[in-house]
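**Student:** I'd like to ask you about the structure that follows.
The values are calculated or read from the model by the stated rules, or taken from the named source; none is laboratory data. Not measured: the values here are computed from a predicted model. Methodologically, a virtual Cβ is constructed for each residue, glycine included, from the backbone with ideal geometry; neighbour enumeration extends over all protein chains shown.
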There are 2 protein chains.
Amino acid sequence: MIDERDKKILCAVVQSYINSPDPVGSRFITKKYAFSLSPATIRNIMSDLEEMGFLSQPHTSAGRVPTDKGYRFYVDFLCSEEYQADNRTFVYELTRELESIKNDIDILLSETTRRLSNFSHYLGVALSPKAGIATFNRIKLMKYRGNQVVTILLTDEGLVKNKIVDVDFELSQRDLNRISSYLNSEFYGSTLEDIRLRIIREMAEEKILCDTLISRAIRICREALSFQYGDIFISGFSEVLGLPDFSDIERIKEISKAIEDKHLIIKLLDKLSKSEGIQIIIGSENSAVEMKKFSVVASTYKEGNKPIGSVGIIGPTRMDYSKTIAMVDIAARFLTGIVSGNR
Amino acid sequence: MIDERDKKILCAVVQSYINSPDPVGSRFITKKYAFSLSPATIRNIMSDLEEMGFLSQPHTSAGRVPTDKGYRFYVDFLCSEEYQADNRTFVYELTRELESIKNDIDILLSETTRRLSNFSHYLGVALSPKAGIATFNRIKLMKYRGNQVVTILLTDEGLVKNKIVDVDFELSQRDLNRISSYLNSEFYGSTLEDIRLRIIREMAEEKILCDTLISRAIRICREALSFQYGDIFISGFSEVLGLPDFSDIERIKEISKAIEDKHLIIKLLDKLSKSEGIQIIIGSENSAVEMKKFSVVASTYKEGNKPIGSVGIIGPTRMDYSKTIAMVDIAARFLTGIVSGNR
DNA sequence: TATTAGCACTCTGATATTGAGAGTGCTAAA
DNA sequence: TTTAGCACTCTCAATATCAGAGTGCTAATA
């Protein structure tokens, strides 16, 4: 088993590797940390830790490097401790500079991720509020250029979605008003996802659609709901290029491929958002192959008590977890505050 | 002066360098192109071309590489010729797959740039319609959660912009309707830029604002107009990573820095959109330092006869100009068709 | 029994050396 | 004006060398 002393040494190794990306040797540990042990002893312990899978050697006669399991141990250990990094400037920037854009969630998120990446030097990511669980507030239809209708959909959470819909039948603004008041009374208080499902169901049971007004209402509403459900914001690519972890071209291609496929990251964040609090995934713990060399720290922001979106940081497994966790936590709380304060 | 034969050899050099990124030597030219001249003669000519600034040598005893001036000559020559690459699949993809999203200009542009980058292996870029020159069609105001107002602004061009505005005074929906009908009659047919200027002017002359209704109308309208004016779409970063031109890390940092600063590219495209037709900027011809190692091929798409946005390709100076020009042209015509057909 | 000093061994990474290959410029001949 | 011939230059890849850092093992020590 791993005893107290081993733990401390493991953490020391992880920490100094995080600090600078050179494999750490036994002598270095004795010098940097006051364990009052000789290098030889440290070597023995490190050898044990390697056997247990926490450390590995890039080659014989190099120092040790943490494995993903090693990082995992370190992070779990961290979380059981009090940590406090100095994030005052970060908090300050978020609150001072972004408070004013609270009404535009997209800009808010993109600015937040930008600051996350600026301060962390990793990728900042955020998932916009999930439209599916948003609550229908009202829909407004406006006649527009020829046979087009502009639909405007409001939710209780502050989402405003508009869509231009082509209709193949003649409709007056009065018809549209009737249609929208039908939809408003019919759907008020439902979630968009429920509405979507209900529409699909009702369209299947074609008989109901005999009533032209209702039929048209449903068709327009379906279009109005057909926007992209989860939008993702990623920023900081040029930040990660500066990291020593991305000094060779293959790694760069890897991460750019991972970013490219936004769908992948949306899915990932979405999965993480199912759980409460800060979620951490380290390297190979990722289910997607593309992400197996990166770590993800993510949390959710809420409207009231309902988690509506995610925010996080993606970086190399050799990541300053302590700082990263703190920053993601701050960002999540900040967003929650803004979004919830908007009612 | 440069005679006909020199021209042909220059073009041959540029072409084979574009074809593969090795400095091209005299022997190679004699073999690949049927000039019925010996390598020695070619050498003399190439030496002349170097003196004239069209070619350069990476080092003594390497082949020649085109300078930016060389590319420029080649491109100008190209443009005077008939060229026709096979872009049928590209055209097909654009028309078949994107016709259906004609009502959502943002998605349309992002999908178009994606395809541009897929087919060209360079960066695809597009500038969304300039809101400034768009024509005010109508504004709609809706009361929303407490003291908020949702503004929806429509333009003749199919732009729909919404904004949540905090108001610090009590307003009924009836008040809002009055305000919007005031704004609608006041601004109908003006461009958004004119409206913006007028609002600034009127707010400066405070006396006019004695009338509370008008004063509030103006304030709300100002907010409604305060969205981001030019949005840019860039895609294909992982495409360029595959190019031999970006096989070293410094080049990658350069281009990622250039992309990072979207503002820069917006300005660039905006400037290019002042002229008619396909615009080509090669390397050092760029005014911005960050872009001096890249080439830009851009055109505008129009609504009717009015250019409203830009589309283009950014890549290394060693670019397949012929193909690129054709693709940008196709994309611009395609977008023009969609946008203009929407009325 | 746990720790440590000593030492041989291993692997990396920087530096220097070499030689083939490709291409040039120049000169003199056609 | 064009071309053959040739000496010269530069790159790039392969190879050798060597200091430095770190390990593992053994035997001595507390």
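**Student:** Residue check: is B:Ala131 away from DNA strand C (no atom under 16 Å from the Cβ), under 21 Å from B:Tyr17 (Cβ atoms), away from every other protein chain (no Cβ under 12 Å) and at pLDDT below 90?
**Tutor:** no
**Student:** Considering only residues that are of a type in the set (D, E, K, R) and surrounded by fewer than 20 Cβ atoms within 10 Å (Cβ to Cβ), look in segment A:137-152 and name the one that is farthest from the other protein chains (Cβ to nearest Cβ).
**Tutor:** Among those that are of a type in the set (D, E, K, R) and surrounded by fewer than 20 Cβ atoms within 10 Å (Cβ to Cβ), it is A:Lys143.
**Student:** Any residue that is under 22 Å from B:Val160 (Cα atoms), crowded, with 20+ Cβ neighbours inside 10 Å and within 13 Å of another protein chain (Cβ to nearest Cβ) - is there at least one of those in segment A:221-230?
**Tutor:** Taking every residue of segment A:221-230 in turn, at least one turns out to be under 22 Å from B:Val160 (Cα atoms), crowded, with 20+ Cβ neighbours inside 10 Å and within 13 Å of another protein chain (Cβ to nearest Cβ).
**Student:** Looking for whichever is among the hydroxyl-bearing types (Ser, Thr, Tyr) and under 36 Å from the mean Cα position of the chain (by Cα) here; the options are B:Ser26, B:Ser16. Which one fits?
**Tutor:** Just one listed residue meets the conditions, B:Ser16.
**Student:** Just for segment A:13-53: of the residues that are under 18 Å from A:Met1 (Cα atoms) and hydroxyl-bearing (Ser, Thr, Tyr), which one is farthest from DNA strand D (Cβ to nearest atom)?
**Tutor:** So the residue we want is A:Thr41.
**Student:** Further, regarding this structure: Does B:Ile45 satisfy being more than 26 Å from B:Phe294 (Cβ to Cβ) and in contact with a helix residue (DSSP H, G or I) (Cβ under 6 Å, 6 or more places away or on another chain)?
**Tutor:** Judged against the criteria, B:Ile45 is a match.
**Student:** Picking from B:Glu285, B:Glu303, which residue would you name as being at pLDDT 95 or above, out of contact with any strand residue (DSSP E or B) (no Cβ under 7 Å at 6 or more places or on another chain) and assigned by TED's automatic domain parsing to the domain that holds B:His121?
**Tutor:** From the options B:Glu285, B:Glu303, the qualifying one is B:Glu285.
**Student:** At least 2 residues that are farther than 22 Å from B:Thr336 by Cβ in each: list the strands (runs of 3 or more DSSP E) lying fully within segment B:232-324 that qualify.
**Tutor:** Qualifying strands (runs of 3 or more DSSP E): B:294-303, B:306-316.
**Student:** Of the conditions (1) in a loop (DSSP other than H, G, I, E, B); (2) more than 10 Å from chain A (Cβ to nearest Cβ), B:Ser185 fails just one. Which one is it?
**Tutor:** Every listed condition holds for B:Ser185 apart from (1).
**Student:** Here's another thing I want to ask about it. Report yes if some residue within segment A:35-48 is small (Gly, Ala, Ser) and buried (at least 16 other Cβ atoms within 10 Å of the Cβ); otherwise report no.
**Tutor:** For segment A:35-48, residues small (Gly, Ala, Ser) and buried (at least 16 other Cβ atoms within 10 Å of the Cβ): absent.
**Student:** Another question, then. Just one of the numbered conditions (1) away from DNA strand D (no atom under 16 Å from the Cβ); (2) exposed (fewer than 14 other Cβ atoms within 10 Å of the Cβ); (3) free of Cβ contacts under 8 Å to residues at least 12 places away in the same chain is not true of A:Asp104; which one?
**Tutor:** Of the numbered conditions (1) away from DNA strand D (no atom under 16 Å from the Cβ); (2) exposed (fewer than 14 other Cβ atoms within 10 Å of the Cβ); (3) free of Cβ contacts under 8 Å to residues at least 12 places away in the same chain, the odd one out for A:Asp104 is (2).
**Student:** Next question. Identify, please: which residue in segment B:268-311 is within 16 Å of B:Asp329 (Cα to Cα) and among the acidic types (Asp, Glu) and is, among those, surrounded by the most Cβ atoms within 10 Å (Cβ to Cβ)?
**Tutor:** B:Glu303
**Student:** Taking the condition more than 14 Å from chain A (Cβ to nearest Cβ), in contact with a helix residue (DSSP H, G or I) (Cβ under 8 Å, 6 or more places away or on another chain) and closer than 19 Å to B:Ala131 by Cβ, does B:Ile195 pass?
**Tutor:** yes
**Student:** Being more than 12 Å from chain A (Cβ to nearest Cβ) and of a type in the set (A, V, I, L, M) is the filter here, so list the residues in segment B:244-273 that pass it.
**Tutor:** Matches in segment B:244-273: B:Leu264, B:Ile265, B:Ile266, B:Leu268, B:Leu269, B:Leu272.
**Student:** Which of the helices (runs of 4 or more DSSP H) contained wholly in segment B:1-108 include at least 2 residues that are away from DNA strand C (no atom under 16 Å from the Cβ)?
**Tutor:** B:4-19, B:68-79, B:88-98
**Student:** Can you name every residue in segment A:54-69 that is closer than 21 Å to A:Arg5 by Cβ and either more than 14 Å from DNA strand D (Cβ to nearest atom) or under 24 Å from the mean Cα position of the chain (by Cα) (or both)?
**Tutor:** A:Thr67, A:Lys69 - these are the residues of segment A:54-69 that are closer than 21 Å to A:Arg5 by Cβ and either more than 14 Å from DNA strand D (Cβ to nearest atom) or under 24 Å from the mean Cα position of the chain (by Cα) (or both).
**Student:** Looking at A:Arg174, A:Arg196, A:Arg219 in this structure, which one is at pLDDT below 90, outside any strand (DSSP E or B) and either among the acidic types (Asp, Glu) or not assigned by TED's automatic domain parsing to the domain that holds A:Leu109 (or both)?
**Tutor:** Unique residue meeting the criteria: A:Arg219.
**Student:** Which one of B:Ser235, B:Ser287 is within 12 Å of chain A (Cβ to nearest Cβ), under 30 Å from A:Ser235 (Cβ atoms) and of a type in the set (Ser, Thr, Tyr)?
**Tutor:** B:Ser235
**Student:** Can you pull out the residues in segment A:3-53 that are hydrophobic (A, V, I, L, M, F, W, C), under 18 Å from A:Val75 (Cα atoms) and in contact (Cβ under 8 Å) with a residue 40 or more places away in the chain?
**Tutor:** Listed by number, the residues that qualify are A:Ile9, A:Leu10, A:Cys11, A:Val13, A:Val14, A:Ile18, A:Leu49, A:Met52.
**Student:** When you scan segment B:232-261, how many residues do you find that are in contact (Cβ under 8 Å) with a residue 12 or more places away in the chain and under 20 Å from B:Ser120 (Cβ atoms)?
**Tutor:** 19
**Student:** Out of the residues in segment B:153-168 that are more than 24 Å from B:Ser340 (Cβ to Cβ) and hydrophobic (A, V, I, L, M, F, W, C), which is farthest from the other protein chains (Cβ to nearest Cβ)?
**Tutor:** The extreme case among them is B:Val167.
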